[in-house]
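Working notes for the structure below.
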Amino acid sequence: MRKNIIKISVFAGLITFGACNSAKNSNSENVIISENIINTTLPDIAISEASVKEKLEFLASDDLRGRQTGTEGINKAAGYIEAFFKKNNIKPYYETYRDSFEVSDRTGFNVIGFMEGNDPELKKEFIILGAHYDHIGIEKAVDNDSIANGANDNAAGTVAVMELAEQFAKLKANKRSILFILFSAEEMGLQGAKHISKRLKSEDLDLYAMVNFEMIGVPMQGKDHLAYLTGYENSNLAEKFNEYSEAEILGFLPQAKEYNLFKRSDNYSFYQEFKVPAQTISTFDFTNYEYYHHVSDEAEKMDIAHMADLIEKVIPGLLKMTNTSEKEIKLN
């Protein structure tokens, strides 16, 4: 178990933060952050490795049969995410948590949680934290295993969004509103993200930025940053995020540009529709994991300590994004 002490730089006005710890059913204490206080610490922000492991093992279990869109397996995954949102007081954005759409000959559904901002004006602006929770289902058997469990792709990213939702629900410190979106049909051509981005655009959502999580289950080696950002040069997101975090969290991966990963995950639909910073955080660097779209992409191969550490360490940057008085993150 580790604790990540979050430093909060200057915020305008007063904000009340609920400090939390990783013990189940622990009591929270309030910390008042003043505009005149710099680097006030918020104690006991921790992501439990046991919690990460539990979610990952469920989502990547054989029982879910690879979470292919339109199957009973992904329906079980959606129900699990919905129950988690409800338990943590993350409200549905629409009438229910599910945003349904038709793709090929089946029905898919994104799962959407909503946390309203606490500032009367800034709450009209939104940040989306997203990941796809579907995978490719049943594949050609290898050593009598035909279930492509999709632990790294993308149960890992799904766990990150769920853990972040829980922490933000405890903190109650976001001035801007947040949508937590788990996308279906990513493996069918980003169809879930295409659907909901168009829907939200038609509803005139004021989107500030979208941060996507994809394949974060194993660490990179020999880098001076924890994760890379697709479309790195398209915005100042990495620069501002590291400034907010007071650490080198996000960096550049040449292969991400070479293979145009910016356009190959769910972030891209939001960039197309809204023309705002919409990028993906990942640690899959083409050298550190050999089981992409493979039946051996199993939970047991994930580095749980790395996942918990990364999820903890993106919280300061995300928290600051929700609270700056101006939209400081911009397209280049």
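Just so it is clear, none of the values below were taken in a lab; they were calculated from the coordinates. Computed from a prediction, not measured in an experiment: that's the story for all the values here. Every residue, glycine as well, gets a Cβ built from its backbone with ideal geometry; the counts of neighbours run over all protein chains shown.
What the table shows:
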| quantity | calculated |
| --- | --- |
| Residues of the stretch 289-318 classified as touching a helix residue (DSSP H, G or I) at 6+ places or on another chain (Cβ under 8 Å) and in a loop (DSSP other than H, G, I, E, B), total | 7 |
| Neighbours by Cβ (under 6 Å, 6+ apart or cross-chain): first from the stretch 319-332, more than 22 Å from GLN167 (Cα to Cα); second among the aromatic types (Phe, Trp, Tyr) and surrounded by 15 or more Cβ atoms within 10 Å (Cβ to Cβ) | LYS327/TYR208 |
| The stretch 319-332: number of residues that are in a loop (DSSP other than H, G, I, E, B) and over 15 Å from the mean Cα position of the chain (by Cα) | 9 |
| All strands (runs of 3 or more DSSP E) inside the stretch 132-229 with 3 or more residues being buried (at least 23 other Cβ atoms within 10 Å of the Cβ) | 177-183, 206-213, 227-229 |
| Pairs, first farther than 20 Å from MET210 by Cβ in the stretch 223-234, second of a type outside the set (A, V, I, L, M, F, W, C) and not in a strand (DSSP E or B), C-beta under 6 Å, six or more apart | ASP224/GLU248; HIS225/GLU248 |
| PHE262 vs. criteria crowded, with 20+ Cβ neighbours inside 10 Å and not acidic (Asp, Glu) | yes |
| Condition met for ASN89 (in contact (Cβ under 8 Å) with a residue 12 or more places away in the chain, on the phi > 0 side of the Ramachandran plot and within 20 Å of the chain's Cα centre (by Cα)) | yes |
